[in-house]
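Reviewing the structure listed below.
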Amino acid sequence: MKIGIIGTGHIGKTLVIRLSEAGHQVKVANSRGPQSIEADLLINGAQPATTEEAIADADVVILSIPLMRIPDIAPLIRNLPAETTVVDTSNYYPHRDNRIESIDEGQVESLWVTEVLGRPVIKAWNAIGSHSFAAKSSPANSVDRIAIPVAADNEEHKEIGLMLIQQTGFDAKYSGTLAESWRQQPGSPSYCTDLTYEELGPALATAEKNRLPKRRDIAIEAILERMGDSKTNPSADYLVSLNRVLFM
């Protein structure tokens, strides 16, 4: 498949490497231009590109950018053909993304994204930490293989998302429609807790929408309290453990 990946943050980098390794024709872009794309992202044949070049003729476009940047790219994305699968990996963090009143009042993040983009998306790769995504992939049928949820309204796009997640080294589980995608938002039991396929289903089912923002913010406070000191700076394992205690 032709895949355009927008964003070279921690999740975006791993997506570029894994999906090009899987044999897809990957073009990668970021806000700083093709010349800024690091060489180690291109080891499996991915090509640096402008945003316009990355999304042109793409079968799949993956937006691996902060939620606050979604409006910036919307004019390009809303003009893509309806058959193009658009994947959103973002999450809402008010301290980073500025306050978005409709989300604070309960609008599902993915539905806000679809409104801004003016087209449907699928939600995937948002509920796994960047370290786990980079370091904890495993072959299919491995014991304790981590699972990643994907939410979608379009059946064909859902199947593409499930397939691509598998190809990045994780089990994939359909979590429901975009209206139900709050079940994989920050603060939910499935968010960055490194669960197996068998564990992920009950975690999605037991999520409580009204409790997510408070749990999300408590986790941020706990992380910020430990940052900046080499003796206490939170490790990736600490973050998973913290999320399990607070979210599950």
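The values are calculated or read from the model by the stated rules, or taken from the named source; none is laboratory data. Keep in mind that this is a model prediction, so the values were computed, not measured. Ideal geometry is used to build each Cβ from the backbone, glycine not excepted, and the neighbour counts take in all protein chains shown. Keep in mind that these areas ignore ligands, DNA and RNA; they rest on the heavy atoms of the full protein, side chains included. Shrake-Rupley method; radii C 1.70, N 1.55, O 1.52, S 1.80 Å.
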message: Taking 24 Å as the cut-off for C-alpha to C-alpha distance, list the pairs among K2/K123; K158/K214; K173/K214; K13/K214; K2/K209; K13/K209 that go past it.
response: K158/K214; K173/K214; K13/K214; K2/K209; K13/K209
- prompt: In whole Å, what are the Cα extents of the range 69-115 along the three principal axes, biggest one first?
  reply: 32, 18, 16
message: Please report, in whole Å³, the volume per residue of the convex hull around the C-alpha atoms of the range 149-189.
response: 62
message: Run the numbers for E53 and K214: contour at 0.36 nm per residue of separation, minus the present Cα-Cα distance, in nm.
response: 53.9 nm
- line: Here the relative contact order (percent) of the chain, from C-alpha pairs under 8 Å and at least 6 apart, is 14
query: How much FRET efficiency would the formula 1/(1 + (r/R0)^6) give for Q166 and R244, where r is the Cβ-Cβ distance and R0 is 25 Å, rounded to 0.05?
result: 0.55
task: Report the percentage of all Cα-Cα pairs in the chain whose separation exceeds 34 Å, rounded to a whole percent.
output: 11
query: For the range 1-86, what is the largest minus smallest coordinate of the Cα atoms on each principal axis, given in angstrom and ordered from greatest to least?
result: 31, 25, 19
message: Based on alpha-carbon atoms only, what is the radius of gyration of the range 144-248 relative to the globular estimate 2.2 N^0.38 Å?
response: 1.15
task: Compute the Cα gyration tensor for the range 190-248, then decide on rounded, prolate or oblate, letting a ≥ b ≥ c be the square roots of its eigenvalues: rounded whenever a/c is under 1.5, prolate when a/b is larger than b/c in the other cases, and oblate in all that remain.
output: oblate
- prompt: Of the peptides 14-22, 148-156, how do they stack up when ordered by the mean number of other Cβ atoms within 10 Å, highest first?
  reply: 14-22, 148-156
- prompt: Can you give the three extents of the C-alpha atoms in the range 51-135 along their principal axes, from longest to shortest, in whole Å?
  reply: 35, 34, 18
field: Accessible area per residue in Å² at 1.4 Å probe, computed on the range 24-135
entry: 45
query: Do the sum for the chain: with -39,500 (n - 2.57) for every DSSP H run of n ≥ 4, divided by all residues, what is the mean residue ellipticity at 222 nm, to the nearest 500 deg cm²/dmol?
result: -11000 deg cm²/dmol
- request: Using only the Cα atoms of the range 132-202, each taken as one equal point scatterer with no solvent, compute I(q) by the Debye sum, divide by I(0), and report log10 of the ratio at q = 0.18, 0.26 Å⁻¹.
  value: -0.66, -1.25
